[in-house]
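Since the structure comes first, as structure tokens, the remarks are kept for the end.
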Amino acid sequence: MILVTGGAGYIGSHTCVELLNAGFDITVFDNFCNSNPEALARVERISGRKMGLIEGDCRDHASLVAALKKCKANAVIHFAGLKAVGESVAQPLSYYDNNVVGTLRLLQAMQECDVKTLVFSSSATVYGDPVQLPLTEDHPLAPTNPYGRSKLMVEEILRDLHHSDNTLRISILRYFNPVGAHASGLIGEDPQGIPNNLMPFVAQVAVGRREALSVWGNDYPTPDGTGVRDYIHVVDLAHGHLKALEALEASQSAQVNKSGQCLIVNLGTGLGYSVLDVVQAFEKASGRSIPYRIAPRRPGDIASCYADPKRAFALLDWKAKLGLEEMCASSWHWQCTNPKGYQS
Ligand code: NAD
Ligand code: WQD
């Protein structure tokens, strides 16, 4: 049984589908602060399987212990956390509380219940402004905002914890830019208010909910002057979690001395696309035009960021399979069938 914290969220819900499809039994632990229980009903519809649900907060140690015991978890995938960079600058305490304290409570609860396997959602944001590209996992870590620092703090806690108990099996996954939606059109990203991220904003322009996209800067040292990112399809990302879990389980059965591991792996495609590449691909996928205007750079943005994904292939046998076309097509399908997200 796997406890999936934050399983009702964007990446969590897509991962739940793949876990259920692969035959895992799962229980979601979520406080729904940035998600809707409807997502879980749809996960069950897509997979044709049932899952457990415990409504609770990761900062509440007693709820976590009760949840781990109730569902007899032998592994945890930890998605729960806050993720908006701008909000983290305005409300750092809330980010350190949810992301760092929440994870600390989870680790204490896991220790108490003797659960030794963890997959953790980290982010490429821990690298900060790239010194060299593509970003390998040993690139220096220098996040530039409280959100990124909260992820780095958790990574450091996990490394220290593994050092203290090397029977733990931990996978730290550094996601690049997750986009897209499940092919069914039933689950997808459902941002509250005005989207901060490019792809959901573009989708809302295409569907007529927003007038035009502001392209934050066209004077970066990139081929067309706009920011370059490594967009990764959320379904590929979900598969990466299964592969990480399988790699940790394999290490458990293979090693007679019960020694665990602490893997740190990038989950990206290795390809960089500019803002205008995304606009063009989305226009093609949707058959709609995406009006845009060039606006000043967004403070804190970097020019380019893309992964070296070799380690994920070597250690997890995982590689992204879906391209920008599928990312835009699935985003558009989700947007059209659910113009107001789960409220539709
Ligand atoms: P999301 O907001 O859609 O999902 C997070 C889920 O966690 C939500 O269901 C929310 O209700 C829940 N949650 C938040 N705080 C909680 C708490 N204290 N207790 C219980 N539940 C709580 O976000 P997502 O995009 O699915 O991201 C999942 C994880 O991946 C996050 O940790 C995020 O930081 C990380 N990540 C996301 C991105 C991205 O761009 N989406 C990139 C890199 C890393
Ligand atoms: C992509 C590109 C923008 C919106 C953020 C977090 C990161 C990670 C993923 C969690 C950039 C440009 C965007 C718009 C634009 N999250 N853009 N107009 O900034 O790479 O990463 O989400 O871990 O931590 O920082 O993603 O989608 O916001 O931006 O021109 O309205 O699109 O400038 O070049 P980003 P994004």
(message) Straight-line reach from Lys151: which lysines fall under 19 Å, measuring Cα to Cα and dropping same-chain residues less than 8 apart?
(response) Lys83
(request) Sorted from largest down, give the three principal axis spans of the alpha carbons of the range 1-126, whole angstrom values. (result) 41, 31, 25
(request) Would you kindly calculate the mean projected area, averaged across all directions, of the convex hull enclosing the Cα atoms of the range 259-344, in square nanometres? (result) 9.1
(request) List, in the order given, every pair from Lys116/Lys243; Lys243/Lys319; Lys284/Lys310; Lys70/Lys116 whose Cα-Cα distance in the structure shown is over 20 Å. (result) Lys284/Lys310
(request) Tabulate in residue order the Karplus-calculated ³J(HN,Hα) for the range 216-230, using 6.51 cos²θ - 1.76 cosθ + 1.60 with θ = phi - 60°, rounded to whole Hz; enter x for Gly and Pro. (result) 7, x, 10, 10, 7, x, 10, x, 10, x, 9, x, 10, 9, 9
(request) Compute from the Cα atoms of the range 192-344 the Rg and the Dmax, the latter being the longest Cα-Cα distance, and quote both in angstrom. (result) 18.5, 61
(message) Can you return the aspartates and glutamates within cross-link range of Lys50? Criterion is Cα-Cα under 17 Å, with same-chain partners fewer than 8 residues away left out.
(response) Glu18, Asp25, Asp30, Glu38
(message) For the chain, take the longest principal axis of its alpha carbons; what is the angle in degrees between that and the long axis of helix 37-47, to the nearest 10 within 0 to 90?
(response) 80
(message) Nearest 500 deg cm²/dmol is fine: what mean residue ellipticity at 222 nm does the chain get from its DSSP H runs of n ≥ 4 alone, each adding -39,500 (n - 2.57), divided by its residue count?
(response) -12000 deg cm²/dmol
(request) Just read off the accessible area of Leu271 with the full protein assembly in place, 1.4 Å probe, to the nearest 10 Å². (result) 90
(request) Please work out the C-alpha center-to-center distance from the range 13-84 to the range 253-329 and express it in whole Å. (result) 24
(request) Note down the nm distance, to one decimal, between modelled labels 7 Å out along Cα→Cβ at Thr136 and at Gln91. (result) 4.0
(request) Determine, from the Cβ-Cβ distance of Glu44 and Thr144 and an R0 of 41 Å, the FRET efficiency 1/(1 + (r/R0)^6), rounded to the nearest 0.05. (result) 0.55
(message) Once you place label points 7 Å from the Cα toward the Cβ at Ala62 and Ala295, how far apart are they in nm?
(response) 4.6
(request) For the range 111-254, list log₁₀ I(q)/I(0) at each q in 0.14 Å⁻¹, using the Debye formula over Cα point scatterers of equal strength and ignoring solvent, two decimals each. (result) -0.89
(request) Starting from the range 96-130, pick out the chymotrypsin sites (Phe, Trp or Tyr not before Pro) whose DSSP state is loop and whose Cβ has at most 12 other Cβ atoms within 10 Å. (result) none
(message) Rounded to the nearest 20 debye, what is the charge dipole size of the chain about its Cα centre when +1 sits on each Lys and Arg Cβ and -1 on each Asp and Glu Cβ?
(response) 400
(request) Report, in degrees rounded to the nearest 10, the 0 to 90 angle that the Cα long axis of helix 146-164 makes with the longest principal axis of the chain. (result) 30
(message) Percent of Cα-Cα pairs more than 17 Å apart in the range 198-260, please.
(response) 66
(message) Beyond 31 Å, how much of the Cα-Cα pair distribution for the chain remains, as a whole percent?
(response) 29
(message) Using +1 at the C-beta of Lys and Arg and -1 at the C-beta of Asp and Glu, which of Phe29, Phe79, Val43 has the Cα lying farthest in the positive direction of the dipole of the range 19-150?
(response) Val43
(message) Taking the 0 to 90 degree range and rounding to the nearest ten, how far is the long axis of helix 234-254 tilted relative to the main principal axis of the chain, both from C-alpha atoms?
(response) 20
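The values are calculated or read from the model by the stated rules, or taken from the named source; none is laboratory data. If you're wondering where the values come from, they're calculated on a predicted model, not measured in any experiment. In this analysis, Cβ positions are derived from the backbone assuming ideal geometry, glycine residues included, and neighbour counts consider all displayed protein chains. Note: areas computed on protein heavy atoms with side chains; ligands, DNA, RNA excluded. Shrake-Rupley method; radii C 1.70, N 1.55, O 1.52, S 1.80 Å.
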